[in-house]
Amino acid sequence: MFRKVILTFSLVFLLGLLIEGLQTRAVAQEEFKNREEIMRALSPASETEIEKMKAEEKPKPEKPRLPLAIQFYINSAKFHHDSILQLQALGEALSSKELRRFGFLVEGHTCSLGSEAYNKYLSRKRAEAVSSYLAKNYGLSPKQLEVVGYGEEKPRYSNKTEWGRVRNRRVEIVRLGHFPVSPTVSLNVDFKYKRYGETRELRDGTTLFSGDIYSVSFMPHEDCHVYVCQYQSDSPENWQQLFPKENYTKETNPVKANKFYRIPDIGEGWLELDKNTGEEKIVVIAHEAPLTKEQIELVLMPSKPSRSSTAEGEKEVEIEMMGVDRTGKPLITDKGPGKRPDPVRDDLPPNLFIESLRFNHR
């Protein structure tokens, strides 16, 4: 008799696991979101969409969020094998050029089975599992992915049926604000000037006079491509390239890691001021891959229309700051305290190294 009870209990338990496994697979297939669907749900609204919402007097939308049927094994933070395709699609979307510059909140949710405290603990462990998977397999920074476990607090459906419970066991992704993406290359950059035979450090805001001469030097920590540009602040469209340029240096791209480069390294080894006075700016840009002239101009002139602009003149979509300086701080502006940083465009790589310096030419 006792054996029959044990056998019956085992069969019921196994049957329950089978049914739950079939339901898990069904949910994973029915609610699967591909890369494009995820990107549409989490990308910033276009200017046209924003204007349409204003015209229709719709309230400002909340932060974009997307529920995903990422399933786990019972009482575990181990992914169910039917959820791997969904995780891959999520990783491809969040690591794309369009979304990589944002931070995200990974929310874990459970059904109501089990204690409230345990469900909260389990939901956080599952959110952490998703965050770790994305960081390990798609190069996202762990700091870019916040995690929280809500347990059974926020059900999407009634927990009275297994149909609802299996759909309440989910992960939701919420797009947060901008996340500064670390550059893939780094440089030590040095600006010098010479006055009356004495060499001094050229700092941001320094005033140079006729007769002063100056130089730019850098040492990359990785093999990369470097571009050094200079222009009058009131006419960036007339920028000139200092590196690479054969008039100033015999070196060219790609530059080599841990090698010292100086501009100029030909002739007397100093740059001379021209006859145009006013504020001038030197910008050093570096990336692991070559940049086009248009991409360089988008760094120097962020408001310049790009080829991706629409024929109707649609304005840029949501502008966000991008990149960090060599100290790891968010890409700084040289416009003074309280001013907005120069925006960087979506059609640029999301991990440029950019360092700039202003000086006054009197």
**Positions within the stretch 134-184 being under 18 Å from Ile38 (Cα atoms), surrounded by fewer than 14 Cβ atoms within 10 Å (Cβ to Cβ) and modelled with pLDDT of 85 or more, in sequence order** = Asn137
**Asked** Can you tell which of Ser96, Ser83, Ser76 is among the hydroxyl-bearing types (Ser, Thr, Tyr) and part of a helix (DSSP H, G or I)?
**Response** Ser83
**Enumeration of residues in the stretch 195-233 that are within 21 Å of Lys293 (Cβ to Cβ), surrounded by fewer than 20 Cβ atoms within 10 Å (Cβ to Cβ) and not polar (S, T, N, Q)** = His225, Tyr231
**Prompt:** Residues in the stretch 239-257: is at least one acidic (Asp, Glu), touching an Asp or Glu at 6+ places or on another chain (Cβ under 8 Å) and under 28 Å from Tyr196 (Cβ atoms)?
**Reply:** no
**Message:** Quick check on my filter: what residues within the stretch 142-153 are closer than 14 Å to Arg126 by Cβ and either among the β-branched types (Val, Ile, Thr) or in a loop (DSSP other than H, G, I, E, B) (or both)?
**Reply:** Val147, Val148, Glu152
**Prompt:** Is there a residue being under 29 Å from Val299 (Cα atoms), over 22 Å from the mean Cα position of the chain (by Cα) and hydrophobic (A, V, I, L, M, F, W, C) anywhere in the stretch 222-238?
**Reply:** yes
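The values are calculated or read from the model by the stated rules, or taken from the named source; none is laboratory data. This one's a predicted model, so the numbers in the text were calculated from it and none came from an experiment. Don't worry about glycine lacking a Cβ; one is built from the backbone with ideal geometry, like all the others, and counts go over all protein chains shown.
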